[in-house]
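So the structure is just underneath, and the comments pick up after that.
FYI, it's all coordinate maths here, none of it is from the lab. Note that the structure is a prediction, hence the values are computed from the model and not measured. Ideal geometry is used to build each Cβ from the backbone, glycine not excepted, and the neighbour counts take in all protein chains shown.
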Amino acid sequence: MGQRVGVVGTGYVGTVVAACLAHVGHQVVGLEVDERKLGLLREGRTPFYEPGLATLLTGGLDSERLRFTGDVAEAVASSDVLFLCVGTPSGQDGHADVGALADAVRVIAETVDGPKVLVTKSTVPIGSGRWVEGIVDDAQPADLRRRAPVTVVSNPEFLRQGSAVDDYLHPDRVVLGSDDPDALERVARIYEPILQQRLNGDAASRRPVLVRTTLASAETVKYASNAFLALKISFANEIANICELVGADVTDVVHAMGLDERIGARFLDAGAGWGGSCFGKDLSELIAAASDHGYDARLLRAAKSVNGWQRELVVKKVRRHLHGLRGRRVGLLGLAFKPGTDDLRDAPSLDIARALLAGGATVLAHDPVVRSVPGFPELRIAGDPYEAGERADAVVLVTEWSDYLELELGVLRDRMRGRLLLDSRNLFDPAKVRTAGLHYEGIGRANGVGPA
Ligand SMILES: NC(=O)c1ccc[n+]([C@@H]2O[C@H](COP(=O)([O-])OP(=O)(O)OC[C@H]3O[C@@H](n4cnc5c(N)ncnc54)[C@H](O)[C@@H]3O)[C@@H](O)[C@H]2O)c1
């Protein structure tokens, strides 16, 4: 039996949550303050690129199990459980900015008409569950508090942009944290179709594990998971930099390491480092939270520092090969922070482009889905990858879109005036690049120019 669910904030996470919960049978209303997004969603159009989402969205709208509104009272009246999916970007002091979350909770608390469960799905600082309870308490008059109690459950989200629908419908685990067992079970029931893998025609996979825990532990799981993944990538990059110095090839090294089940192959690729809206801000928040308690999270700070260095390394390599940047032309392949998305938040490509431009180079970039970069007029966008290479002294692969494996490297070479292909994701087979008459350089691969 479908339940009445509200999703507050329909960005990258909220839209997926809303469409997937409607797909598995719930009655879902998405609440969004951004008029442009709201208009698109109501027409069944996704405001961003995410594979498979448009189909679920139109399916939900057609079945009338999904709708979108800008009216808080309507969203609150139509749902018993509300998933908070608003953004929590990094603030000035490293801590996450929870202003949007506080605003959303306050208006919901003032509007409630009966008992509700508020689910924090946004990544929120550890301790936010209790803080949300406090906001509700302050916003509700005493009689409403008795008639319409609001309880809080933490349900961190682990989906990845680019495979978000699949990740949400087939998670490894669902984590629920609350100090109120009834509220927790209420949210667990919403997840029942996903936990049992009864997915409305979608292929079922291994059943996910349901982890029941406290509010604070659930909140910590999210930060600890992201910190570990970021650390794993930074570890691979540290090894890559050592590989360049000692003449080893990091792709062989991490391949062999990853075959050890204790280590695992995923998130062990060397390159230009991680980006996106989550790893950087979540590491900063965890470091700041530790510091508030007098603890210096050295390992987490090192993961961030190595990641920043990798972006600089790409620029250093270009500069070294071209003997300076002034007057040079550089083509960039890939702008999105990773393949499968059009998200540019904390994308390595933008830092790399800024540094190349600051050094006096001209930059022409291509991406299969990103067609413009708002607020960055100096960065010129090419219509296709070959155009990005037009009279370029160097072409730098920044995002490992598999589309780029289809490139005719000989054609690219003929359009370029230089010969350097800097593969900052170790995507290409070096032999193929060299056969096409280009000079290949990767990250941490034998005979690179070294990280120093
Ligand atoms: N993007 C990811 O891959 C990912 C994965 C896991 C967790 N998260 C976490 O999920 C949260 C959301 O991330 P996102 O990438 O979807 O952010 P986003 O910026 O894409 O989406 C947030 C949405 O909330 C809307 N909003 C803000 N205030 C509102 C309000 N009061 N009422 C209704 N709507 C409101 C905004 O207009 C926006 O559309 C963050 O805490 C993030 O850390 C993100």
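Remarks
- Interatomic Cα distance distribution for the stretch 228-441, bins of 10 angstrom, percent: 8, 33, 36, 18, 4, 1
- Spherically averaged projected area of the stretch 1-69 from its Cα convex hull (nm²): 3.8 nm²
- Exposure proxy order (Cβ contacts within 10 Å, fewest to most) of Arg425, Arg319, Arg145, Arg262: Arg262, Arg145, Arg319, Arg425
- Hypothetical label at Asp71: residues of the stretch 2-34 whose amide nitrogen lies under 18 Å (7 Å Cα-Cβ projection): 5-9, 28-34
- Taking 23 Å as the straight-line reach from the Cα of Lys338, the lysines in range (excluding those fewer than 8 positions away in the same chain) are Lys37, Lys121, Lys222, Lys232, Lys281, Lys304, Lys316, Lys317.
- Packing rank of 189-196, 361-368, where each peptide gets the mean count of other beta carbons within 10 Å, highest leading: 361-368, 189-196
- The chain: antiparallel DSSP beta bridges as a percent of all, rounded to 5: 5 percent
- Each listed q (0.07, 0.10, 0.13 Å⁻¹) maps to a log10 I(q)/I(0) for the stretch 4-213 from the Debye sum over equal C-alpha point scatterers, namely -0.19, -0.39, -0.68.
- In order along the stretch 162-167, phi translates into HN-Hα couplings of x, 9, 5, 5, 4, 5 Hz, rounded to whole numbers, per the Karplus curve 6.51 cos²θ - 1.76 cosθ + 1.60 with θ = phi - 60° and x for Gly and Pro.
- Extension gain for Ala358-Phe267 works out to 29.7 nm (0.36 nm per residue, less the C-alpha to C-alpha distance).
- Of the two radii for the chain, the radius of gyration is 1.01 times the Kirkwood radius, both from the alpha carbons; that is the Rg over Rh value.
- Look at the alpha carbon pairs under 8 Å that are at least 6 residues apart: their mean separation over the length of the chain gives a relative contact order of 12 percent.
- Sites Ser402 and Glu43, calculated FRET efficiency, Cβ-Cβ separation with R0 22 Å, nearest 0.05: 0.15
- FRET efficiency for the pair Val369 and Thr55, taken as 1/(1 + (r/R0)^6) with r the Cβ-Cβ distance and R0 = 22 Å, rounds to 0.80.
- In nm, spacing of pseudo-spin labels at Ala431 and Ala142 (7 Å Cα→C-beta vector): 8.1 nm
- Relative contact order of the stretch 250-400, defined on C-alpha pairs under 8 angstrom at six or more residues apart (%): 24 percent
- Neighbour cut-off at most 11 other Cβ (10 Å), DSSP loop, GluC sites (Glu not before Pro), the stretch 1-110: Glu43, Glu64
- Pairwise FRET efficiency - Ala446 versus Arg326, Cβ, R0 = 51 Å, nearest 0.05: 0.95
- Each of Asp143, Asp97 was scored by other Cβ atoms within 10 Å of its Cβ. Arranged with the fewest first, they read Asp143, Asp97.
- Full-extension gain in nm, Leu245 to Thr213, via 0.36 nm per residue minus C-alpha separation: 6.9 nm
- Based on C-alpha pairs under 8 angstrom that are at least 6 apart in sequence, the stretch 4-213 has a relative contact order of 19 percent.
- Potential extension, Lys316-Asp414 segment - 0.36 nm per residue separation minus Cα distance: 32.8 nm
- When Val24, Val395, Val314 are arranged by Cβ crowding within 10 Å, least crowded first, meaning fewest neighbours, the order is Val24, Val314, Val395.
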